[in-house]
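This report refers to the structure that appears directly beneath it.
Bear in mind that the values in this text are calculations on the coordinates, not laboratory data. What you see is a predicted model, and the numbers here were worked out from it, not measured in a lab. Note that we place each Cβ from the backbone using ideal geometry, even for glycine, and neighbour counts take in every protein chain shown.
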Amino acid sequence: MSENECEAAEREVRLEGVAKFNRHLQSNEVLTLHYLGLPYMVLCRSPQLRLKLPLSTHNYQNGGTTARGIALQLIVTCPVNYPLQLPRIDLAEQRNVSVRLETKLRAQIARALDQHMGLQMIVPVVTLVQILLNNEVRLQH
């Protein structure tokens, strides 16, 4: 085996180890959501972890002539090398979310992701969004 072939083989082994380590961190993040009792649905585990997390304010009621409170779904897509790279977080199925609140949520999510780079990011983002939603409802009353 030539020197170049040895280096290539070593590099491949290292990359496999890093990928395995990142998958382990992603699994731990899902377990953390589970242990904290946060609602979530795993949409996909491979090649990228993708989660759906429903969030709503304590007073959210859907139906009737008017919906009360605020609700939305966070769709989190983690790149293969998450948490060394930021996940993509989409706001979906929004109920009673104003443009101002959506802008605020996106800015705060971006800040939280930057602060937790290399660490678990999903749980801090979910917690932050829940707090922001509840604060928004308090401000409305």
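Potential lengthening of the chain between LYS104 and PHE21 amounts to 26.5 nm, from the contour at 0.36 nm per residue minus the alpha-carbon distance. Here segment 3-140 is treated with +1 on each Lys and Arg Cβ and -1 on each Asp and Glu Cβ, and its dipole about the Cα centre works out to around 820 debye.
When a/c reaches 1.5 or more, the comparison of a/b and b/c decides; with that in mind, is segment 3-140 rounded, prolate or oblate per its Cα gyration tensor? Could you put the intermediate results ahead of the total?
Working: a/c = 3.10, a/b = 2.57, b/c = 1.21.
Prolate is the answer for segment 3-140, as a/c is 1.5 or above and a/b outweighs b/c.
What full-extension length gain, to one decimal in nm, is calculated for THR77 and LEU43 as 0.36 nm per residue of separation minus the Cα-Cα distance?
11.3 nm
Working ranking of peptides 34-45, 80-91 by packing, defined as the average number of other Cβ atoms within 10 Å per residue, highest first, is 80-91, 34-45.
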